[in-house]
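Input: a single structure, listed below in structure tokens.
The values are calculated or read from the model by the stated rules, or taken from the named source; none is laboratory data. Remember, predicted model here, so these are calculated numbers, not experimental data. Cβ: placed from backbone, ideal geometry, glycine included. Neighbour counts: every protein chain shown. In case anyone asks, the SASA skips ligands and DNA or RNA and just uses the protein heavy atoms, side chains included. Shrake-Rupley method; radii C 1.70, N 1.55, O 1.52, S 1.80 Å.
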Amino acid sequence: MTTQYYTASSIDGFISTEDDSLDWLFPLADLEKTSYPTFISEVGAIVMGSSTYEWLLRHAVKLGAADESAWPYSQPVWVFSTRKLGAPAGADIRFVQGDIRPVYTQMKKVADMRNVWVMGGGDLAGQFFDAELLDEIIIQIGSVSLGHGKSVFPRRVFSPALQLVSVNRVNEGMAELRYKVDKASRAGAA
């Protein structure tokens, strides 16, 4: 079981615009031609923050609209939020708040040796990193610069805590970087 932060970023380090738009991302690559199909097949549990969840509700599900779609994940999903949010019918959504550690314990049990996906946002991924629960960061870097927005990983991290494992060209507009989080080097630096 691996806990992975799998995401996309602009070349200047933003996961979304300041108003949570991902419109910059979709023209860059066909999702089915990336590592995503293999990645998601190995995921047993998903965790996300409320901004990510609300973006999915508005843009992927269109909750409450005439053209509402089904929730796109079969895996159980934990959403960190202090607000009461709606959920699509039939989706296994668990709303939580507070310390990520006890929630992570629940997720690992439910994932049953499959991977845990920290979908985002960046600060939630940072909390997993801070708690030494994050094993891997997979970032698809798009060939756009946003200038401002929400940081892909708002943490100060110095080498050798992140070790580059692979670089793959997705297409002319995107490359994928895979980093292993070296927990042993982090413990030695503390």
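Under the condition of being surrounded by fewer than 20 Cβ atoms within 10 Å (Cβ to Cβ) and in a helix (DSSP H, G or I), the residues counted in the stretch 112-123 number 1.
Check VAL116, VAL103 and return the single one that is within 24 Å of LEU177 (Cα to Cα) and touching a strand residue (DSSP E or B) at 6+ places or on another chain (Cβ under 8 Å). From the options VAL116, VAL103, the qualifying one is VAL116.
To keep it simple, each residue is scored yes or no on (1) touching a Ser or Thr at 6+ places or on another chain (Cβ under 6 Å); (2) in contact (Cβ under 8 Å) with a residue 60 or more places away in the chain.
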site: ARG114; (1), (2): no, yes
site: ALA125; (1), (2): no, yes
site: LEU133; (1), (2): yes, yes
site: SER159; (1), (2): no, no
site: VAL181; (1), (2): no, no
site: ALA184; (1), (2): no, no
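The residues of the stretch 56-85 that are surrounded by 12 or more Cβ atoms within 10 Å (Cβ to Cβ) and farther than 18 Å from MET119 by Cβ, listed by number, are LYS62, GLU68. One residue stands out in the stretch 2-24 among those that are over 16 Å from the mean Cα position of the chain (by Cα) and not β-branched (Val, Ile, Thr): the one that is surrounded by the most Cβ atoms within 10 Å (Cβ to Cβ), namely TRP24. Check off (1) surrounded by 16 or more Cβ atoms within 10 Å (Cβ to Cβ); (2) out of contact with any Asp or Glu (no Cβ under 8 Å at 6 or more places or on another chain) for ALA131 and give me the number that stays unchecked. Tallying (1) surrounded by 16 or more Cβ atoms within 10 Å (Cβ to Cβ); (2) out of contact with any Asp or Glu (no Cβ under 8 Å at 6 or more places or on another chain), ALA131 fails exactly one: (1). Checked against (1) in contact (Cβ under 8 Å) with a residue 60 or more places away in the chain; (2) open to solvent by 50 Å² or more (accessible area, probe 1.4 Å); (3) acidic (Asp, Glu), GLU32 passes all but condition (1). Would you be able to say whether some residue in the stretch 90-101 is under 28 Å from ASN171 (Cα atoms) and among the basic types (Lys, Arg)? Within the stretch 90-101 (the criterion being under 28 Å from ASN171 (Cα atoms) and among the basic types (Lys, Arg)), the answer is no, since none of the residues qualifies. Since VAL96 meets every condition but one in (1) at pLDDT 95 or above; (2) open to solvent by 30 Å² or more (accessible area, probe 1.4 Å); (3) in contact with a Phe, Trp or Tyr (Cβ under 8 Å, 6 or more places away or on another chain), which condition does it not meet? Exception for VAL96: condition (2).
Taking the listed residues SER81, SER50, SER145, the one that is in contact (Cβ under 8 Å) with a residue 40 or more places away in the chain and closer than 22 Å to SER16 by Cα is SER145, with no other qualifying.
Just one of the listed residues (ARG156, ARG169, ARG101) is open to solvent by 80 Å² or more (accessible area, probe 1.4 Å), in a loop (DSSP other than H, G, I, E, B) and not polar (S, T, N, Q), and it is ARG156.
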